[in-house]
């Protein structure tokens, strides 16, 4: 079985890295050898864990409990869960917690697909594909019209332009 000791880089109370929406289910995972429910807190609110029915949990190989803190009505930028001596990383509970996710995902997948010259592939395969070299789809005018909303919401809009195109107007 894997080690279940508390590690500052990977605490035993594991939460969604981005955070949670206020009116949605809010659950975390506690890695523990305890067989019975464990008390946990979110701020002043107290709850009890629900042990995972199969031990160890088959996908992780760890003994885990589910921490459902939906009823805690938590909100803010520095929310933490404590269970015994284990604490979670801080996380957010806010209506805009996923605001930048689409733009960040597009930037990530573009990087994964285009950054290395040996593995770059043509991303725009439409009828006028020959006009666009490999992986310049982010600066291509039709693509930007379609995904403009996601690009405009990005806090780093120039990441969507290929090197040497910063400051250039799309379609020019």
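Only the coordinates and a few stated rules stand behind these numbers; no lab work does. These figures come from a predicted structure and were not determined experimentally. All Cβ positions, even for glycine, are placed from backbone atoms using ideal geometry, and neighbour counts span all protein chains on display.
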**Request:** Kindly put 65, 75 in sequence by how many other C-beta atoms sit within 10 Å of each C-beta, fewest to most.
**Result:** 75, 65
**Message:** Starting from 0.36 nm per residue, how many nanometres of slack lie between residue 27 and residue 75 once their C-alpha separation is accounted for?
**Reply:** 15.9 nm
**Prompt:** What's the extension gain from residue 96 to residue 59 if we count 0.36 nm per residue and subtract their Cα-Cα distance?
**Reply:** 10.3 nm
**Prompt:** So how compact is the range 13-93: Cα radius of gyration and Dmax in angstrom?
**Reply:** 12.1, 34
